[in-house]
Amino acid sequence: MLNITPIPVLADNYTWLLHSPQSSHAAVVDPGESEPVRRALEGFGLTLSAILLTHHHHDHVGGVADLSQPGMPVFGPAGGQTPGVTEPVGEGDPVLLPGLDTTLTVMTVPGHTLDHIAYIGDDALFAGDALFAGGCGRMFEGDAATMQGYLARLRELADETRLYCGHEYTLANLEFATAAEPGNEKLRQRLDKVREQRARQAVTLPSTLGEEKATNPFLRWDKPEVIKQARQQAGHALEDDVAVFAALRQWKDHF
């Protein structure tokens with residue numbers, strides 16, 4: 001199993017360092033800046049052999065130009081919007097991590113951006129800004145039907161899958177989640193734990209998909225209390241799962 005280490009970058013981003021005790025090679029997911037990644041590589045005595053990108057926003061790709069070397073694969077969404085990509089990938093494509101004896105699989109997750117992808121494997125999901133602990137990304141380029149569709153696919157992943165996302169947004173997300181589902185006792189317990197973690201500046205990730213399914217309102221659009229709260233906020237009936245999700249996302253945007 002890979003060792004996965006968070007590297008805090010910028011204001012609240014995480015770059016994920018993938019490495020193994022049996023190898024001096026490493027890969028990184030979404031290097032928003034280069035210097036913290038370099039320090040982490042030096043601290044572990046590792047050589048960077050691959051970069052994985054989930055989407056084209058600068059806070060996820062800002063370090064690519066400084067970190068990439070000739071011959072090093074830079075995996076990222078096909079379509080040409082993501083700078084530095086040498087290996088464009090899409091739905092179902094395998095991504096072999098050089099020197100780490102691990103292959104991840106690409107899943108397209110459009111919504112936050114239309115080119116957004118995630119990487120799945122080794123009981124881990126590298127979701128970028130598609131799915132957060134307790135939340136999901138804003139719809140900058142996609143629509144509610146598209147985003148709810150890929151979240152429904154993510155909801156089908158095994159409960160033990162660990163979620164590695166792009167930002168430390170967990171506390172704010174869970175505070176919103178308690179408004180969306182105030183009667184969820186597991187959610188309240190999770191919020192108490194995360195408040196304690198953030199009080200000592202601890203990283204709240206990874207979570208698991210099981211935890212997200214139990215407490216993240218953006219995976220719980222079909223739960224009666226979530227529907228009730230979303231309908232109350234929208235001020236009108238919500239005819240299907242997509243409408244509930246859209247109402248939740250709009251509510252969170254102004255929460």
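Overview of results
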read-out	value
On Cα atoms only, tilt of 35-44 relative to the major axis of the chain in degrees	70
Positive-end residue, the stretch 162-255 charge dipole about Cα centroid, Cβ charges, pick of P224, L209, A247	L209
Stretch gain in nm, segment K228-A214, where the contour uses 0.36 nm per residue and the Cα spacing is subtracted	3.3 nm
E91-T146 pseudo-label distance in nm [points 7 Å out on the Cα-to-Cβ vector]	1.3
Crossing angle, helix 170-180 versus the chain [Cα axis fit, 0-90 degrees, rounded to tens]	20
Most positive-pole-ward Cα, L10, G63, G79, against dipole of the chain from beta carbon charges	L10
Assigned charges on the beta-carbon of Lys, Arg, Asp, Glu; the chain dipole about Cα centre (debye)	680
Residue-averaged [θ]222 nm for the chain, counting only DSSP H segments that reach four residues, each worth -39500 (n - 2.57)	-10000 deg cm²/dmol
Peptides ranked, highest mean first, by Cβ atoms within 10 Å: ranges 155-163, 117-125	117-125, 155-163
The stretch 1-77 and the stretch 145-165: distance between their alpha carbon centers, rounded to Å	23
Extension reserve of the D101-Q81 stretch, reckoned as 0.36 nm per residue once the Cα distance is removed	4.3 nm
On Cα atoms only, tilt of 241-253 relative to the major axis of the chain in degrees	80
Positive-end residue of T47, A127, T103, charge dipole of the stretch 1-129 with Cβ unit charges	T47
Contour excess over end-to-end distance, with Cα ends at R138 and V203 and 0.36 nm allotted per residue	21.2 nm
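Read-outs throughout are calculated quantities, based only on the coordinates presented, and are distinct from any laboratory measurement. Here the structure is a predicted model, which is why all the values come from computation and not from measurement. All Cβ positions, glycine included, derive from the backbone under ideal geometry; neighbour counts span all protein chains shown.
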